[in-house]
1. Can you tell me which of 157, 136, 108 moves the most in a GNM of the chain? Springs connect C-alpha atoms under 10 Å apart.
2. Using protein chains only and a probe of 1.4 angstrom, how many square angstrom of residue 19 are accessible, to the nearest 10?
3. Roll a 1.4 angstrom probe over the protein heavy atoms and tell me the percent of accessible area of the chain that is carbon or sulfur.
4. Just want to confirm a number: the relative contact order over the stretch 13-76, from Cα pairs under 8 angstrom separated by 6+ residues, in percent.
5. Over the Cα atoms of the stretch 50-99, Rg to Rh with Kirkwood Rh, two decimal places?
6. Given the options 67, 196, 100, state which has the largest fluctuation in a GNM of the chain using a 10 Å cut-off (strictly under) for Cα springs.
7. Tell me which lysines have Cα within less than 27 Å of residue 131's Cα, excluding those fewer than 8 residues away on the same chain?
8. Return the inverse of the average 1/r over all pairs of distinct C-alpha atoms in the chain, which is the Kirkwood hydrodynamic radius, in Å to one decimal.
Amino acid sequence: MKTALMIYIAMGVLSIVPLILFNIRKIWVRRPPDPIQFKASRFCVILVLCIGIGTFLYAGYQATIHNRYEIATERFAQQHAQFLLGQTSREEFRAFVEENGTDQVLSSFDETMNGTGELEIEAGVQPLSVKFMLSSWCTPRYWEGAEGFEQVEILDSENPVYVMYVLDDGVSQEYYVLRMVNTDQGWKYDWFGPANEQHRQKIDMPTLLNGKWYTVKA
C-alpha cells in the first residue's frame, strides 16, 4: 500500500513540477522597461491542468488500492496490527471491516474477535510493534471442495479467493484467513477467521525467514 502511494506521488511530482517550472516564466512576463505582466489566462490553463492531473492520479490510486487483492489484505492486516497496539479500537476495526466488507462478514469477524482469535498479549505488557506477513491468493481451483474451507458460490476462476496473514508481536504468532470477493467496487472482505491446518497447507505462505514482513510500530 505504501509502495503504491509512493509510486503515485512520484508520478504526480514528475508530471506537475516540470509543467509548472516550464510555464512559470510564461505566466509572469517581464519585458523591460515595461513592468512584469501576469498572464491570467495562461495561469488558469496551467492550474486546470495541474488539478486534472492530480485528480486523475488520485482516482488511479483509489482504484489500485481497491482492485489489488494484496493491498486489500495488507489494509486488513494493518488494521488488525493497529488494534493489537491499541492504536485502533475494536469498534474502529469493526467499522473498517463493515465499510469494506460484504453483508455477511461481520458475523465471522465478531465470532473471531470475541473468541480466541487474538494474540495472547501478557497482562499489562504492550508490544512496541507488531509485524505481519501476507500469503499469495488461493483461487477456487485449490479451495473448491477442500476440507477446512467454507464452501461458497464460485463466481469465476479467480473469485472468491482465500488469503492468509500471520501476526507476530514478538512473543507469539497467529495465522488468520480472509475470504475476499471481487465486486464492482473492488475487493470486499467476505469471511474472517483463524487459520486451520488445511488453510496452512493449501494457501501459499512464504517461510517466516524468507517472507516480506510489514511492521506497525506503537
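1. Highest fluctuation of the listed residues: 157.
2. Near enough 40 Å² of accessible area.
3. Values: 7100 of 12960 Å².
Taking all protein chains in place, the chain shows 55 percent carbon and sulfur surface.
4. Numbers: 27 pairs, mean separation 14.6, N = 64.
The normalised contact order for the stretch 13-76 reaches 23 percent.
5. Values: Rg = 14.0 Å, Rh = 12.3 Å.
Using Cα coordinates only, the ratio equals 1.14.
6. Evaluated over the chain, the most mobile residue of the options is 196.
7. 2, 188, 202, 212, 217
8. Working: mean 1/r = 0.0495 Å⁻¹.
Computed over Cα pairs of the chain, the Kirkwood hydrodynamic radius comes out at 20.2 Å.
The values are calculated or read from the model by the stated rules, or taken from the named source; none is laboratory data. Computed from a prediction, not measured in an experiment: that's the story for all the values here. Here the Cβ is made from the backbone with ideal geometry for all residues, glycine too, and neighbour counts use every protein chain on show. Only protein heavy atoms, including side chains, enter the accessible area calculation; ligands, DNA and RNA are left aside. Shrake-Rupley method; radii C 1.70, N 1.55, O 1.52, S 1.80 Å.
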